[in-house]
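As structure tokens, the structure follows; a few thoughts come after it.
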Amino acid sequence: MMTILVVEEDALSRKLVSEILRRNGHVVFGASDGNEGIRIAKEQRPALALINAQLYGELDGRTTAKQLKQDNTTRHVVAITDFTGTDVERRIFESGYDAFVSTPITRYELLQTISSFSAGSAL
């Protein structure tokens, strides 16, 4: 079991991802934007944060991920992205994310990515 923060502006997507994680034994907190995500992370200290890489607002996905890692408020940061391809993967890792899951998210891919961190390894 892990404590996980889901930062996703789309309420339905946030609820779906959170429910999959909860049903698999994880403690989940949700945030609708980067500022809320950082506030929750400081309070709850999640082991992992799933962040919409295309997050808009005052703090975009990249800035939110970097701040969470820089502040040591979460150990691992995983991007949720609509895009795929070698160039996208390179930019995700250069932005400080530890891994990514592509949308549409499958239960299997999500849980496999999460389990790689709960086992102590990184992708």
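In table form, for the structure just shown:
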item: Answer from LEU68, LEU12 - the residue that is at pLDDT below 95 and aliphatic (A, V, I, L, M); result: LEU68
item: Residue count for the range 70-123, restricted to those that are assigned to a helix (DSSP H, G or I) and over 19 Å from GLY25 (Cα atoms); result: 10
item: Breaking point among (1) surrounded by fewer than 15 Cβ atoms within 10 Å (Cβ to Cβ); (2) touching a residue at least 60 places away in the same chain (Cβ under 8 Å), for ILE4; result: (1)
item: Candidate set from the range 6-63 (those that are of a type in the set (S, T, N, Q) and assigned to a helix (DSSP H, G or I)); member that is nearest to ARG75 (Cα to Cα); result: GLN44
item: Qualifying residue in the range 43-54 (condition: on the phi > 0 side of the Ramachandran plot, modelled with pLDDT of 90 or more and not aliphatic (A, V, I, L, M)); result: yes
item: Residue, nearest to LEU48 (Cα to Cα), within the range 82-101, restricted to residues that are of a type in the set (Asp, Glu) and exposed (fewer than 15 other Cβ atoms within 10 Å of the Cβ); result: GLU94
item: Number of positions in the range 35-63 that are surrounded by fewer than 23 Cβ atoms within 10 Å (Cβ to Cβ), among the polar types (S, T, N, Q) and in contact with a strand residue (DSSP E or B) (Cβ under 8 Å, 6 or more places away or on another chain); result: 2
item: Number of the exception - ALA31 against (1) within 11 Å of the chain's Cα centre (by Cα); (2) without any contact (Cβ under 8 Å) to a residue 24 or more places away in the chain; result: (2)
item: Test: residue in the range 64-71 that is farther than 13 Å from GLY37 by Cα and surrounded by 19 or more Cβ atoms within 10 Å (Cβ to Cβ); result: no
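The values are calculated or read from the model by the stated rules, or taken from the named source; none is laboratory data. In this text the structure is predicted, and so the values were computed from the model without any measurement. Reconstructed Cβ throughout: ideal geometry from the backbone, glycine too, with neighbour counts over all protein chains shown.
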